[in-house]
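Everything below concerns the one structure shown next.
Every number in this text was worked out from the coordinates using simple rules, so none of it is lab data. Given the structure is predicted, the values throughout are model-derived calculations rather than measurements. Here the Cβ positions follow ideal geometry from the backbone for every residue, glycine too, while neighbour counts run over all protein chains shown.
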Amino acid sequence: MSIETNGDVLLDDGEYFVRHNVNYPPTAGNGFLMRRCRYALTTPEGAECVGRYELKLDGKWLVDIAAYPDDDNDADCRVIGRFDGRLDAIHALWQHRHAANDDKLSDWIAVFKLNTLARSRRLKN
């Protein structure tokens, strides 16, 4: 599966891109802030997800980005905000894309993905 065939790319600056999830219509779906990285077992597309926008049941669009895990509430993302419109949510996600640009955060994401992959393999066996 490649980036080009797995969603509509809405914004792209060469390092980050926002991709809409094609399994949903634009008015009711979600999308992802992706950061390009090297191809690896945990990133077969050559990109890692570092944020998202999503339509919630209350009609608001939630935007969050990846963050260091917070031991107090077990959160691994930081909420940017809740927005009335999809375009406002995408704009906010795009404006905060560099907040997820941290080498230590990238290392944490890679370890998290490897642990998740190992856990899923153990469950299959």
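Between L11 and T27, the simple label model (points 7 Å from Cα in the Cβ direction) yields a spacing of 2.3 nm.
Based on other C-beta atoms within 10 Å, arrange H98, H20, H91 from fewest to most.
H98, H91, H20
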